[in-house]
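Asker: Sending over a structure as C-alpha cells; questions will come in a sec.
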Ligand code: 8YV
C-alpha cells in the first residue's frame with residue numbers, strides 16, 4: 001500500500017502525477033476556495049505527506065492529530081503559517097520553495113514601487129471615470145524614482161534581487177539586515193545602516209524581511225514619525241510586519257506620502273478596511289510570485305520536496321534541519 005498524501009488546492013495535473021508515483025493522493029479540487037478546516041483536520045490523521053499553501057494554518061492543534069505525518073511541503077518561500085517548533089518536535093520535515101520565485105517577486109516589488117510613486121492606479125481610474133479634461137501642470141504628480149534613496153529592510157534573496165534592479169535607476173541603496181552582506185555592498189554599492197537611520201534617510205522603504213516573532217510589528221507609529229514626509233512604504237513580505245492601523249494614521253496625518261501593499265495582517269483584506277479608502281495606497285491581493293511560469297516552478301519544487309521526503313531521502317529545501 002502506498003502512503004497517503006493530501007494536496008490542499010488544485011495544482012497542474014502533471015505535478016500531481018509526480019506525487020502519484022509514490023503516494024495515493026487526495027486533492028481538494030477547488031482552486032479559489034481553501035480546504036475547510038474540518039476536512040483538513042479529518043484528512044491530516046491519515047496522511048504521511050501534506051502539500052499546502054499559506055492559506056492553511058498548520059498549527060499545534062492540527063499537528064496533534066497528525067499521527068502519521070512525515071512531511072509538510074509548503075508551496076511558498078515563507079512558512080509563517082506552520083508551527084515549525086511543534087513540527088520539529090514531532091519529527092515532521094517541513095519544506096519551502098525558495099529561489100524559483102525570487103526574480104518574479106522582485107519584479108512585482110519594483111512594479112508596486114513604481115505604481116505607487118507615479119500614482120498609476122489613481123491615474124487609470126481618473127481617466128476611466130471621464131475626469132480627464134485637459135493637460136495640467138499638477139495633474140497626478142508623483143515622486144521621482146530615478147536617483148532616489150531606497151532603504152531595503154531584509155537583504156535576503158528577494159531583497160538582493162530588488163537591490164540589483166535599483167542600479168538601473170541610479171538609486172542610492174541603503175539596507176538593514178540581521179547581518180551585513182559584504183558581497184552586496186561590494187557588488188551593488190549598498191550601504192549598511194542602522195534601522196532608524198534607514199527610516200530617516202530613505203525615500204522608498206521596502207519591507208523584505210521574513211515574518212517571525214522578532215519582525216512582528218517591526219514598523220509602528222514611532223517609526224512613521226522618523227520617516228520623510230515624502231517617504232513611500234512598500235511591503236511585499238508579510239502584513240504583520242507593519243502595524244496597519246499605525247500605517248493608516250501616518251498616511252492620514254501626512255507623516256508619509258504613500259504606501260504600496262501586496263500583503264496584509266488579515267488576508268483577504270476586508271473591503272471595508274480603512275486603508276482601502278485612501279487614494280495614496282496601492283493594494284494588491286498577495287501576487288508577489290504570481291507569474292504563470294513561477295507558480296508552475298513553485299508547485300513543481302514543492303512536489304519534488306514532498307516526493308523526496310516520502311521516499312526517505314533528504315528533501316532539497318528542508319526548513320527545520322534541527
Ligand atoms: C506566494 C509568498 O504567492 O512564497 C511566499 O512566501 O508569499 C508567495 O510567493 C503565496 O504565498 C503562495 O502560497
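The values are calculated or read from the model by the stated rules, or taken from the named source; none is laboratory data. Every value quoted in this text rests on a predicted model; they were computed, and no experiment measured them. When we count neighbours, we look across all protein chains shown, and the Cβ atoms used for this are built from the backbone with ideal geometry, even at glycine.
Asker: For region 264-272, does any single residue satisfy the condition of being within 13 Å of the ligand (Cβ to nearest atom), in the same structural domain as residue 198 (by TED's automatic domain parsing), under 23 Å from residue 149 (Cα atoms) and in contact (Cβ under 8 Å) with a residue 12 or more places away in the chain?
Answerer: no
Asker: Sticking with this one: Out of all the residues in region 289-322, which are over 30 Å from residue 110 (Cα atoms) and within 15 Å of the ligand (Cβ to nearest atom)?
Answerer: Across region 289-322, the qualifying residue is only 306.
Asker: Report yes if residue 140 is away from the ligand (no atom under 16 Å from the Cβ), within 19 Å of residue 283 (Cα to Cα) and either in a helix (DSSP H, G or I) or not assigned by TED's automatic domain parsing to the domain that holds residue 175 (or both), otherwise no.
Answerer: No; evaluated as a whole, the condition is false for this residue.
Asker: Taking residue 69, is it surrounded by fewer than 19 Cβ atoms within 10 Å (Cβ to Cβ), more than 16 Å from the ligand (Cβ to nearest atom) and either assigned to a loop (DSSP other than H, G, I, E, B) or free of Cβ contacts under 8 Å to residues at least 40 places away in the same chain (or both)?
Answerer: Considered against the rule, which asks whether it is surrounded by fewer than 19 Cβ atoms within 10 Å (Cβ to Cβ), more than 16 Å from the ligand (Cβ to nearest atom) and either assigned to a loop (DSSP other than H, G, I, E, B) or free of Cβ contacts under 8 Å to residues at least 40 places away in the same chain (or both), residue 69 comes out as no.
Asker: Would you say residue 157 is in contact with a helix residue (DSSP H, G or I) (Cβ under 7 Å, 6 or more places away or on another chain) and surrounded by fewer than 18 Cβ atoms within 10 Å (Cβ to Cβ)?
Answerer: Numbers: in contact with a helix residue (DSSP H, G or I) (Cβ under 7 Å, 6 or more places away or on another chain): yes; surrounded by fewer than 18 Cβ atoms within 10 Å (Cβ to Cβ): yes.
So residue 157 passes the test.
Asker: Of these, 269, 256, which one is more than 21 Å from the chain's Cα centre (by Cα), surrounded by 15 or more Cβ atoms within 10 Å (Cβ to Cβ) and not in a helix (DSSP H, G or I)? Outline the logic, then answer.
Answerer: Numbers: 269 fails: more than 21 Å from the chain's Cα centre (by Cα).
Of 269, 256, the one residue that is more than 21 Å from the chain's Cα centre (by Cα), surrounded by 15 or more Cβ atoms within 10 Å (Cβ to Cβ) and not in a helix (DSSP H, G or I) is 256.
Asker: Still on this model: Residue 172 - would you say it is away from the ligand (no atom under 16 Å from the Cβ), within 21 Å of residue 261 (Cα to Cα) and either touching a residue at least 40 places away in the same chain (Cβ under 8 Å) or in contact with a helix residue (DSSP H, G or I) (Cβ under 9 Å, 6 or more places away or on another chain) (or both)?
Answerer: no
Asker: Let me ask you something else. Condition check: away from the ligand (no atom under 12 Å from the Cβ) and either within 24 Å of residue 102 (Cα to Cα) or surrounded by 14 or more Cβ atoms within 10 Å (Cβ to Cβ) (or both). Does residue 213 satisfy that? First the steps, then the outcome.
Answerer: Numbers: away from the ligand (no atom under 12 Å from the Cβ): yes; either within 24 Å of residue 102 (Cα to Cα) or surrounded by 14 or more Cβ atoms within 10 Å (Cβ to Cβ) (or both): yes.
Answer is yes for this residue.
Asker: Oh, and also: Considering only region 224-249, state which residues are over 16 Å from residue 116 (Cα atoms) and part of a helix (DSSP H, G or I).
Answerer: 224, 225, 226, 239, 240, 241, 244, 245, 246, 249
Asker: Is at least one residue of region 276-291 out of contact with any helix residue (DSSP H, G or I) (no Cβ under 8 Å at 6 or more places or on another chain) and either farther than 30 Å from residue 74 by Cα or assigned to a strand (DSSP E or B) (or both)? Explain how you work it out, then say what you get.
Answerer: Going residue by residue through region 276-291, those that are out of contact with any helix residue (DSSP H, G or I) (no Cβ under 8 Å at 6 or more places or on another chain) are 276-277, 285-286.
Imposing the further condition that a residue be either farther than 30 Å from residue 74 by Cα or assigned to a strand (DSSP E or B) (or both) reduces the set to 277.
Yes, some residue in region 276-291 is out of contact with any helix residue (DSSP H, G or I) (no Cβ under 8 Å at 6 or more places or on another chain) and either farther than 30 Å from residue 74 by Cα or assigned to a strand (DSSP E or B) (or both).
Asker: Give the residues of region 36-57 that are touching a strand residue (DSSP E or B) at 6+ places or on another chain (Cβ under 8 Å) and either within 21 Å of residue 300 (Cα to Cα) or not assigned by TED's automatic domain parsing to the domain that holds residue 85 (or both), sorted by residue number.
Answerer: Scanning region 36-57 gives 47, 48, 49, 50, 51, 52, 53, 54.
Asker: Name the pairs whose Cβ atoms lie under 9 Å apart, with the first residue in region 291-308 and farther than 11 Å from residue 97 by Cα, the second part of a helix (DSSP H, G or I) and within 13 Å of the ligand (Cβ to nearest atom), and 6 or more positions between them or separate chains?
Answerer: 291/104; 291/107; 291/108; 293/104
Asker: Would you point out the residue of region 76-115, among those that are within 17 Å of residue 153 (Cβ to Cβ) and away from the ligand (no atom under 13 Å from the Cβ), that is surrounded by the fewest Cβ atoms within 10 Å (Cβ to Cβ)?
Answerer: 110
Asker: Now, a different point. For residue 33, indicate whether it is in a loop (DSSP other than H, G, I, E, B) and away from the ligand (no atom under 13 Å from the Cβ).
Answerer: Yes; evaluated as a whole, the condition is true for this residue.
Asker: Another question, then. Run residue 126 past the list (1) in a helix (DSSP H, G or I); (2) within 20 Å of residue 231 (Cα to Cα); (3) over 26 Å from the mean Cα position of the chain (by Cα) and report the number of the one that doesn't hold.
Answerer: In the conditions (1) in a helix (DSSP H, G or I); (2) within 20 Å of residue 231 (Cα to Cα); (3) over 26 Å from the mean Cα position of the chain (by Cα), residue 126 misses (2) alone.
Asker: Out of 254, 260, which single residue is more than 16 Å from the ligand (Cβ to nearest atom) and in the same structural domain as residue 209 (by TED's automatic domain parsing)?
Answerer: Matching residue, one of 254, 260: 254.
Asker: Residues to consider are 183, 187, 160, 214; find the one that is touching a strand residue (DSSP E or B) at 6+ places or on another chain (Cβ under 9 Å) and more than 25 Å from residue 280 (Cβ to Cβ).
Answerer: 160
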